[in-house]
Amino acid sequence: MISHPSNQNLIQCGQDIPAPGLLFSLPGMQNHRTLQTDSHGLDPETLPRPIDWKTLFGNDHSVEVEIGSGKGTFLVNEALKRPEVNFLGIEWARWFYRYTADRLRRRNCDNARAIRAEAGFFLDEFVPAESVSTLHIYFPDPWPKARHHKRRLVSDAFMPKAHRILKPGGLIQIVTDHVDYWEQIERVVRASVFEVVEFTPPGDASRGEVVGSNFERKFIEEGRAFYAIAGRKRS
Ligand SMILES: C[S@@+](CC[C@H](N)C(=O)[O-])C[C@H]1O[C@@H](n2cnc3c(N)ncnc32)[C@H](O)[C@@H]1O
């Protein structure tokens, strides 16, 4: 058990862990098939600013955004589990973006899209105020070296961006395995205008999981502890 002053936020894994063979299912990574992004990938060059969610998804369902969607495991599974919600995954790494967009297509996740963009810029430039119900940030890059800390996503400067796009009552949910980054995340969220509330695992997290993302499944295997926090935008 990692000792930490805020143990109520520490989620220790070890129970109900899926069998290792179930942890990594990465079809397409090894066989080099062509990734098709046309149907579920968005092009920032042609996207209206601001986005009109209703036009994009063809309905007025609530919208949840994941920043740093990686290989799209969380996005795909949540989109399948909750078809009544629209999802957007923002991912900076081109290959991960392409992989996710193709994965959404293959799984017929028509309530989800992926975009390659820097998240802070994208929120500012493309996302209308008070239009998102939940912002998911799972295992953001920790940038462990002190001289790189300024690259961390969750910072005092980031919180107003998140706050602007969320609806009143909307949630920001953050999970990390990195103790030093956790200390920054907790400080930043508690210092923000968000009300800290209990972290609720998203719909597709399996028993023993916090969110069910790719990195979580990898880190569970390594026996790491996770730290989670949620903030609610006051009405
Ligand atoms: C450690 S990975 C976690 C991926 C996924 N959330 C998971 O749990 O499996 C962090 C991801 O965030 C992406 N990322 C980091 N900074 C970003 C930014 N400013 N905007 C968009 N994506 C970002 C990285 O490219 C990387 O894919």
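Read-outs throughout are calculated quantities, based only on the coordinates presented, and are distinct from any laboratory measurement. Not measured: the values here are computed from a predicted model. Cβ placement follows ideal geometry from the backbone for every residue including glycine, while neighbour counts extend to all protein chains displayed.
Quick look at the numbers
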quantity: Gyration tensor (alpha-carbon) shape descriptor, the stretch 34-136, a/c threshold 1.5; calculated: rounded
quantity: Prolate/oblate/rounded call for the chain, Cα gyration tensor, a/c under 1.5 rounded; calculated: oblate
quantity: Among beta bridges that DSSP assigns inside the chain, antiparallel share in %, nearest 5; calculated: 35
quantity: Rounded if a/c under 1.5, otherwise prolate or oblate - the stretch 100-235, Cα gyration tensor axes; calculated: rounded
quantity: Amide H partners (placed H, <5 Å) of residue 196, local residues excluded; calculated: 232
quantity: Inter-label distance for residue 180 and residue 145, nm, one decimal - labels placed 7 Å from Cα along Cα-to-Cβ; calculated: 1.1
quantity: Residue 125/residue 222 FRET efficiency (R0 41 Å; Cβ-Cβ; nearest 0.05); calculated: 0.65
quantity: Placed amide H near residue 225: partners under 5 Å, 5+ positions off or other chain; calculated: none
quantity: Amide hydrogen neighbours beyond the local backbone of residue 114, cut-off 5 Å, H modeled; calculated: 41, 42, 89
quantity: Surrounding net charge for residue 170, when Lys and Arg each add one and Asp and Glu each subtract one, Cβ distance under 15 Å; calculated: +2
quantity: Karplus-derived HN-Hα couplings along the stretch 150-160 (A = 6.51, B = -1.76, C = 1.60, θ = phi - 60°), whole Hz, x at Gly and Pro; calculated: 5, 7, 4, 5, 7, 8, 4, 6, 7, 4, x
quantity: Per DSSP, loop trypsin sites (Lys or Arg not before Pro) in the stretch 126-208 with at most 10 further Cβ within 10 Å; calculated: 145, 207
quantity: Rounded to whole Hz, the Karplus (6.51, -1.76, 1.60) HN-Hα couplings of the stretch 194-203, x for glycine and proline; calculated: 5, 8, 6, 10, 5, 6, 10, x, x, x
